[in-house]
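Colleague: Got a structure for you, questions after.
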Amino acid sequence: MNDLLESFNSTLEIFQAKINFLFLMIEILFGLFFVILVVWIYGFIRKNLGIDKQTKEIEKIRKIIEKKFNE
(Lines give C-alpha, C1' and ligand atoms only; values in the text may rest on other atoms or scores of the structure.)
Protein backbone atom coordinates (compact mmCIF):
# COMPACT_ATOMS: atom_id res chain seq x y z
CA MET A 1 0.00 0.00 0.00
CA ASN A 2 2.87 2.34 0.82
CA ASP A 3 4.43 1.70 -2.60
CA LEU A 4 1.13 2.59 -4.32
CA LEU A 5 0.93 5.89 -2.44
CA GLU A 6 4.53 6.76 -3.34
CA SER A 7 3.90 6.20 -7.05
CA PHE A 8 0.65 8.18 -6.84
CA ASN A 9 2.46 11.00 -5.03
CA SER A 10 5.21 10.94 -7.64
CA THR A 11 2.63 11.14 -10.43
CA LEU A 12 0.95 14.10 -8.75
CA GLU A 13 4.30 15.86 -8.42
CA ILE A 14 4.96 15.35 -12.14
CA PHE A 15 1.52 16.79 -13.00
CA GLN A 16 2.13 19.71 -10.67
CA ALA A 17 5.50 20.41 -12.32
CA LYS A 18 3.94 20.30 -15.79
CA ILE A 19 1.11 22.63 -14.76
CA ASN A 20 3.60 25.05 -13.20
CA PHE A 21 5.62 24.97 -16.41
CA LEU A 22 2.51 25.71 -18.48
CA PHE A 23 1.63 28.67 -16.27
CA LEU A 24 5.20 29.94 -16.57
CA MET A 25 5.02 29.72 -20.37
CA ILE A 26 1.68 31.55 -20.37
CA GLU A 27 3.14 34.31 -18.17
CA ILE A 28 6.13 34.65 -20.48
CA LEU A 29 3.80 34.79 -23.50
CA PHE A 30 1.69 37.51 -21.90
CA GLY A 31 4.85 39.40 -20.97
CA LEU A 32 6.13 39.30 -24.54
CA PHE A 33 2.72 40.32 -25.85
CA PHE A 34 2.66 43.27 -23.44
CA VAL A 35 6.17 44.40 -24.47
CA ILE A 36 5.28 44.17 -28.17
CA LEU A 37 2.05 46.08 -27.53
CA VAL A 38 3.90 48.87 -25.69
CA VAL A 39 6.49 49.17 -28.47
CA TRP A 40 3.73 49.25 -31.13
CA ILE A 41 1.76 51.93 -29.26
CA TYR A 42 4.94 54.00 -28.84
CA GLY A 43 5.69 53.80 -32.58
CA PHE A 44 2.06 54.47 -33.51
CA ILE A 45 1.92 57.59 -31.35
CA ARG A 46 5.28 58.86 -32.65
CA LYS A 47 4.22 58.37 -36.25
CA ASN A 48 0.80 59.97 -35.84
CA LEU A 49 2.15 62.93 -33.89
CA GLY A 50 4.85 63.42 -36.51
CA ILE A 51 7.82 63.14 -34.18
CA ASP A 52 9.69 60.42 -36.05
CA LYS A 53 12.65 61.22 -38.30
CA GLN A 54 11.00 60.25 -41.60
CA THR A 55 8.00 62.51 -41.04
CA LYS A 56 10.26 65.46 -40.20
CA GLU A 57 12.29 64.89 -43.37
CA ILE A 58 9.13 64.66 -45.48
CA GLU A 59 7.91 67.95 -44.00
CA LYS A 60 11.23 69.62 -44.86
CA ILE A 61 11.08 68.30 -48.43
CA ARG A 62 7.46 69.44 -48.74
CA LYS A 63 8.38 72.96 -47.58
CA ILE A 64 11.26 73.15 -50.07
CA ILE A 65 9.03 72.00 -52.92
CA GLU A 66 6.28 74.45 -51.95
CA LYS A 67 8.80 77.31 -51.89
CA LYS A 68 10.04 76.39 -55.38
CA PHE A 69 6.53 76.19 -56.82
CA ASN A 70 5.44 79.45 -55.18
CA GLU A 71 8.36 81.38 -56.68
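The values are calculated or read from the model by the stated rules, or taken from the named source; none is laboratory data. Keep in mind it's a predicted model, so treat the numbers as computed, not measured. Heads up, the Cβs are rebuilt from the backbone with ideal geometry, glycines too, and the neighbour counts pull from every protein chain shown.
Colleague: Check off (1) at pLDDT below 85; (2) among the aliphatic types (A, V, I, L, M); (3) surrounded by 10 or more Cβ atoms within 10 Å (Cβ to Cβ) for Leu24 and give me the number that stays unchecked.
Modeller: Of (1) at pLDDT below 85; (2) among the aliphatic types (A, V, I, L, M); (3) surrounded by 10 or more Cβ atoms within 10 Å (Cβ to Cβ), only one is false for Leu24: (1).
Colleague: Could you list all residues from the range 1-21 that are part of a helix (DSSP H, G or I) and modelled with pLDDT under 90?
Modeller: Answer for the range 1-21, where residues must be part of a helix (DSSP H, G or I) and modelled with pLDDT under 90: Asn2, Asp3, Leu4, Leu5, Glu6, Ser7, Phe8, Asn9, Ser10, Thr11.
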